[in-house]
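Engineer: Here it is: the structure, laid out below.
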Amino acid sequence: MRDTPPMLDDRLAQTLWDESADAWDRFVETGLDYYRTELHGPALLAACAPLQSVQALDLGCGQGWFSRQLARCGARVVGVDWSPRLVAHAERHEAQAPLGIGFEVLDAARIGQRFAAASFDLITACMSLMDMPRPGDVLAAARPLLRPGGRIVISIPNPVTDCPLREWERDASGDKRALKIDRYFETAPRLLDWNMKRLERHFRTVQYRYTLEQWSLLFEHAGLCITRLREPRPTPESLQRCPDLSDAARLPYFLVVELREDCARPQCSSASTVTER
């Protein structure tokens with residue numbers, strides 16, 4: 001269930017993630033977030049390859065799950081997140097099984113003030129940009145941090161299926177027949193209720209929604225171009241391990257996008273604008 005409150009500010013978005021950190025850590029680390037562990041996470045990791053000896057910055061790293069995937073493939077990783085409680089969980093996991101990852105409490109929009117230009121070969125964001133109030137500012141700050149030939153590789157919800165109105169039509173036995181979606185062009189910030197039955201404790205976060213065109217404009221305005229786009233689907237093996245992923249074999253829930261600096265970027269028309277919250 002999702003609703004759009006009248007006023008959402010940056011402080012609330014940050015506070016809710018801090019309050020939800022313990023439940024989030026259990027959700028991901030126990031394997032209950034199987035869309036992450038079986039679907040968009042592996043797809044994002046594959047898009048980041050090769051990773052051996054790559055210097056990587058993981059934006060919105062949360063409790064460090066994707067940072068650890070990068071490090072296990074040979075990357076030297078720094079992870080940043082604006083939630084102190086999530087970073088504390090990330091540091092705890094690192095202490096328990098060291099991979100050489102450094103974690104810092106930092107608003108991703110301020111990475112240009114923390115890191116020198118040309119510091120990283122790869123910058124990633126695993127399902128985190130849509131939780132940031134101004135992802136365009138984050139991307140603009142990330143671009144100068146790339147070394148020559150560097151890449152930004154992200155995963156985000158697929159805007160086509162992640163609509164304000166999203167409801168499965170079911171048959172008499174409760175099986176999913178078709179996904180009903182509407183209000184695609186509504187992009188107001190919203191509270192996202194994490195209330196799935198498999199969660200031990202329900203929680204809420206703020207999400208900032210953009211249409212596909214708006215995401216494209218955010219990339220363009222940050223001086224980046226799309227060099228690869230993928231719509232992850234579950235493999236037969238992942239479906240065997242987790243049959244609940246079957247709906248993701250019918251519809252695209254996520255996008256994995258590779259971005260590079262666009263030296264020949266055309267001028268934006270006056271109509272091609274997007275307002276960040």
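Engineer: Show the residue pairs meeting these rules: Cβ distance below 8 Å; 6+ apart or different chains; first residue within segment 68-84 and closer than 19 Å to Leu146 by Cα; second residue part of a helix (DSSP H, G or I) and open to solvent by 30 Å² or more (accessible area, probe 1.4 Å).
Structural biologist: Leu70/Leu45; Val80/Arg114
Engineer: Keeping to segment 146-188, report how many residues are in contact with a strand residue (DSSP E or B) (Cβ under 6 Å, 6 or more places away or on another chain) and in a loop (DSSP other than H, G, I, E, B).
Structural biologist: Residues that pass the stated criteria total 4.
Engineer: Quick one: count up the residues across segment 95-116 that are open to solvent by less than 30 Å² (accessible area, probe 1.4 Å) and either touching a residue at least 40 places away in the same chain (Cβ under 8 Å) or over 23 Å from Met132 (Cβ atoms) (or both).
Structural biologist: So the count comes out to 4.
Engineer: Filter segment 196-249 for residues that are part of a strand (DSSP E or B) and open to solvent by 20 Å² or more (accessible area, probe 1.4 Å); which is nearest to Pro133 (Cα to Cα)?
Structural biologist: Arg204
Engineer: What number goes with the only condition from (1) open to solvent by 10 Å² or more (accessible area, probe 1.4 Å); (2) assigned to a strand (DSSP E or B) that Leu122 does not pass?
Structural biologist: For Leu122, the exception is condition (1).
Engineer: How many residues, within segment 216-236, are out of contact with any Pro (no Cβ under 7 Å at 6 or more places or on another chain), of a type in the set (A, V, I, L, M, F, W, C) and within 21 Å of Tyr184 (Cα to Cα)?
Structural biologist: Summing the residues that are out of contact with any Pro (no Cβ under 7 Å at 6 or more places or on another chain), of a type in the set (A, V, I, L, M, F, W, C) and within 21 Å of Tyr184 (Cα to Cα) in segment 216-236 gives 3.
Engineer: Could you give me the residue pairs with C-beta distances under 9 Å whose first residue belongs to segment 117-137 and is more than 19 Å from Leu192 (Cα to Cα), whose second residue is open to solvent by 10 Å² or more (accessible area, probe 1.4 Å) and among the acidic types (Asp, Glu) wherever it lies, and which are 6+ apart or on separate chains?
Structural biologist: Note: pairs meeting the criteria are Gly136/Glu276; Asp137/Glu276.
Engineer: Mind checking which pairs have a first residue in segment 208-230 that is farther than 15 Å from Val153 by Cα and touching a residue at least 60 places away in the same chain (Cβ under 8 Å) and a second that is open to solvent by 10 Å² or more (accessible area, probe 1.4 Å) and of a type in the set (A, V, I, L, M), Cβ under 6 Å, 6 or more apart or different chains?
Structural biologist: Correct list of pairs: Tyr208/Met130; Gln214/Val274.
Engineer: Pick from segment 159-181 the residues that are crowded, with 16+ Cβ neighbours inside 10 Å and in contact (Cβ under 8 Å) with a residue 24 or more places away in the chain: which of them is farthest from Val256 (Cα to Cα)?
Structural biologist: Within segment 159-181, the match that is farthest from Val256 (Cα to Cα) is Pro164.
The values are calculated or read from the model by the stated rules, or taken from the named source; none is laboratory data. Quick caveat: nothing in here was measured; it's all calculated off a predicted structure. FYI the Cβ positions are ideal-geometry reconstructions off the backbone, even for glycines, and counts take in every protein chain you see. These accessible areas exclude ligands, DNA and RNA; they are computed on the full protein's heavy atoms, side chains included. Shrake-Rupley method; radii C 1.70, N 1.55, O 1.52, S 1.80 Å.
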